[in-house]
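Here, each number is a calculation from the coordinates, and none is a lab measurement. Model, not experiment: these values are computed from the prediction. A quick note on method: Cβ atoms are made from the backbone with ideal geometry, for glycine too, and the neighbour counts reach across all protein chains shown.
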Amino acid sequence: MSSSKITEKKSLVVVEDPVQGLEPLGPFAKSRRVYVEDGDVRVPFREIELSQGEPSFRVYETSGPHFEGRSLDQLREGLPKLRQAWVDRRASKDGSDKTQLFYARRGEITEEMRFIAIRESVTPESAAASW
């Protein structure tokens, strides 16, 4: 189901990127991509290592997939449609494609709202209210 009413707070799980050898070089050398997962919603973050024993911290991961070593044909295919299943589930509910605002006004939490909530460290209800 593409949307649900959230009534209880869930604990989130942090996982490391399962793809080996795709970490960027240069200015990102002291960082790593990690994901925070909540069910089928997976949000990328960049965890940055600090010096002098300071704890690492996380920022938005906006770099997208890394294309080093891929063929020109693979690059022409474009970016993977990671959230297409979410869109398809919403559209298949009644045959029409409703907006996020439509669902937020009904009090239904979509995967997109859960993604934003995790990224912004807020509750899904807060993310829905911001629409």
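Observations on the structure shown:
- Near Ser56, the amide H atoms lying under 5 Å from its own belong to Leu50; only residues 5 or more places off or on other chains count, and H is placed 1.01 Å from N.
- Each peptide among 81-87, 110-116 gets the average number of other Cβ atoms lying within 10 Å of its residues, and from highest to lowest they stand as 110-116, 81-87.
- The three principal axes of the C-alpha atoms in region 80-131 carry coordinate ranges of 31, 28, 11 Å, sorted with the longest axis first.
- Sparse-neighbour loop sites [chymotrypsin sites (Phe, Trp or Tyr not before Pro); region 35-67; at most 11 other C-beta within 10 Å; DSSP]: Phe67
- Placing a pseudo-label 7 Å from each Cα along the Cα-to-Cβ vector at Asp88 and Asp40 gives an inter-label distance of 1.0 nm.
- Full extension of the chain between Leu101 and Asp73 yields a length gain of 6.4 nm, computed as 0.36 nm times the residue separation minus the alpha carbon distance.
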